[in-house]
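Here is the structure we will look at, set down as structure tokens.
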2 protein chains.
Amino acid sequence: MHGLIGLDWGTSSLRAFRFDGAGALVETRARPWGIRQLPDGGYDAALAGITTGWPALPRLACGMVGSRGGWREMPYLDLPADAVQLGRALGHLRAADGRDVHLVPGLRDPHGPDVMRGEETQLLGALALRPALADACTFIQPGTHSKWTVVRDGAVRSFRTLMTGELFAALRQHSILGATGAATVDDIEAFERGAAAARDSGAAGALSRLFSTRALMLDGVLAPASVPDYLSGLLIGEEFRTALADGLARRDTPLQLIGEAALCARYRRAAALFDIELPPAIADAAARGLWLLATQAGLVPPGPIPSVSETTPAC
Amino acid sequence: MHGLIGLDWGTSSLRAFRFDGAGALVETRARPWGIRQLPDGGYDAALAGITTGWPALPRLACGMVGSRGGWREMPYLDLPADAVQLGRALGHLRAADGRDVHLVPGLRDPHGPDVMRGEETQLLGALALRPALADACTFIQPGTHSKWTVVRDGAVRSFRTLMTGELFAALRQHSILGATGAATVDDIEAFERGAAAARDSGAAGALSRLFSTRALMLDGVLAPASVPDYLSGLLIGEEFRTALADGLARRDTPLQLIGEAALCARYRRAAALFDIELPPAIADAAARGLWLLATQAGLVPPGPIPSVSETTPAC
């Protein structure tokens, strides 16, 4: 039996991918067993649970499972870094079932400094799926901690983390901006208004416009139920303003989203307000990245990147 | 019996000032009875409690007591606005004891939009204490919602709210940046490092450097116990970067702090990193502002601003 079990093991969720010997994705499973909410029995129980009934294949995990406070801390690999270097830098641990779990290290940008764990595997998967982007591209990976990453000549050159998702949640749940008492509606106009406010904030930046959320509501021109969408637009718009201001995004270099459909749709809308046309996002890139790294590390036989699970455009 | 009872009634605290007929401050009292934490019996009970034993003098209140959700909503006065206009715009309500409480309206900057409640009274008090600043000055009022306000020819011309204090609390208590598990030390070097990071962020702004807090900690160059001070420096530094970027602060115009000593000391340190020398802060400006507005509105006889309680430099 040939193949691979890939694990995308983050803070709040765990996904497992079973590949056959040719790298085709046979089955995907998801559990809410992130490293902060493990089941009884901890990591070993989570691993056994999510792979129940699967054959004893090599296992490769990426994400926060390799962080300080994870199953085993893997040192970061400093930039620049490509798939070959990451494949050589894998570590491993011995699970309770007596077999190894291999671990992908995170990446560290010494200029910043900045760090990522898990996103590097998605990036490699996206590059495998869209090789033409390897020459020069800035990838956007929206989320709790959004990453903007510059790839040139096949290697990751620099990246920046923007805490958009976490900031949104903290402001909405724990600041006066969330204290509207109103049910939330889906108001794309409010979202675009927020993104435009970030764009128009110029060098001052969106932090200086945060309170406008409340002032517009008091003015009666922003409905309380639309406050979350305005705030979301302001923070996502700020990602684009920031990335353009400091050169992480350049108008002469392609921009490519990687991530989940609904969230990426917001980024495409915000981009349009900056006169940037973003192509559809690449979804499920982590699975491709895990397979690629497994081949680089010799865990599975090398071969072409299968196109079987070539991702449906997500948004 | 002549005199005035001034009330500085905010979200989380209530302060009462008793003035004699000449405007000298006779007694100050403070209670934790902000409009979000009123005692049993509500506003009337709080008012009766904090003025127990005081004579039946005219009463004038500023702050969130006049907000939507306060005792009575007072409309905002649009900029530009000065002491005469604010004095004419006072409202009032009838308390359960059968006598009036006069209320100071807040200010609204239609460009923004932006709003303040309570800070306008402190501003007027500061101008009364330092008349030379009335020609041209930008006032900084640090806090949960910091205000940067441009005064020219005796009138408030524009202002901007920066949610520094609230953002700091939300990030520290409800984000990965606060999850250090370490006791906090007082680390002024970390504070200055954060403020310098905001300064050096250029047009991208400090939001793009927020995650550096965590990356520096993982790098081992920022102690977990110093994370709050670094974050404080980053956010306060961002106030200066922002204000300089959008013209609210100008290097040819005096800058003046109004506020509490320890917090203002941080702003003076951050300012120094921007090559700005800030004079000591003006403290307790609300009491002076309330007296001034009471004279403007005819609640007490007009007269010179007494210098009895001329404020001790706070920091």
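Yes/no matrix, rows are residues, columns are (1) more than 14 Å from chain B (Cβ to nearest Cβ); (2) within 19 Å of residue A:163 (Cα to Cα); (3) in contact with a helix residue (DSSP H, G or I) (Cβ under 8 Å, 6 or more places away or on another chain):
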{"position": "A:199", "(1), (2), (3)": "no, yes, yes"}
{"position": "A:204", "(1), (2), (3)": "no, yes, yes"}
{"position": "A:222", "(1), (2), (3)": "no, no, yes"}
{"position": "A:225", "(1), (2), (3)": "yes, no, no"}
{"position": "A:240", "(1), (2), (3)": "no, yes, yes"}
{"position": "A:273", "(1), (2), (3)": "yes, no, yes"}
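Listed by position, the helices (runs of 4 or more DSSP H) inside the range A:204-296 whose residues that are of a type in the set (S, T, N, Q) number at least 1 are A:212-219, A:227-245, A:285-296. Going through (1) hydrophobic (A, V, I, L, M, F, W, C); (2) within 11 Å of chain B (Cβ to nearest Cβ); (3) more than 27 Å from residue A:286 (Cβ to Cβ); (4) within 22 Å of the chain's Cα centre (by Cα) one by one, residue A:248 falls short only on (3).
Contact annotation: residue pairs with Cβ atoms under 7 Å, 6 or more positions apart or on different chains, pairing a residue in the range A:205-232 that is of a type in the set (Gly, Ala, Ser) with a partner that is modelled with pLDDT of 95 or more and assigned to a loop (DSSP other than H, G, I, E, B), are A:205/B:205; A:208/A:201.
When residue B:184 is tested against (1) touching a residue at least 24 places away in the same chain (Cβ under 8 Å); (2) assigned to a loop (DSSP other than H, G, I, E, B); (3) under 18 Å from residue B:148 (Cα atoms), only condition (3) is not met.
Condition check: more than 8 Å from chain A (Cβ to nearest Cβ), hydroxyl-bearing (Ser, Thr, Tyr) and either farther than 30 Å from residue B:122 by Cα or touching a Lys or Arg at 6+ places or on another chain (Cβ under 6 Å) (or both). Does residue B:184 satisfy that? Lay out the reasoning, then the answer.
Details: more than 8 Å from chain A (Cβ to nearest Cβ): yes; hydroxyl-bearing (Ser, Thr, Tyr): yes; either farther than 30 Å from residue B:122 by Cα or touching a Lys or Arg at 6+ places or on another chain (Cβ under 6 Å) (or both): yes.
Yes: the conditions hold for residue B:184.
Closer than 22 Å to residue B:14 by Cβ and either assigned to a strand (DSSP E or B) or at pLDDT 95 or above (or both) - does that describe any residue in the range B:75-87? Yes. Of all residues in the range A:152-177 being surrounded by fewer than 19 Cβ atoms within 10 Å (Cβ to Cβ) and in a helix (DSSP H, G or I), which is nearest to the other protein chains (Cβ to nearest Cβ)? This residue is A:174. Condition (residue is free of Cβ contacts under 8 Å to residues at least 12 places away in the same chain, more than 14 Å from every other protein chain (Cβ to nearest Cβ) and not basic (Lys, Arg)) applied to the range B:113-134: is it met by at least one residue? Yes, the range B:113-134 contains a residue that is free of Cβ contacts under 8 Å to residues at least 12 places away in the same chain, more than 14 Å from every other protein chain (Cβ to nearest Cβ) and not basic (Lys, Arg). Filtering the range A:196-204 for residues that are under 24 Å from residue B:243 (Cα atoms), buried (at least 17 other Cβ atoms within 10 Å of the Cβ) and among the basic types (Lys, Arg) leaves a non-empty set.
The values are calculated or read from the model by the stated rules, or taken from the named source; none is laboratory data. None of these values were measured; they are calculated from a predicted model. All Cβ positions, glycine included, derive from the backbone under ideal geometry; neighbour counts span all protein chains shown.
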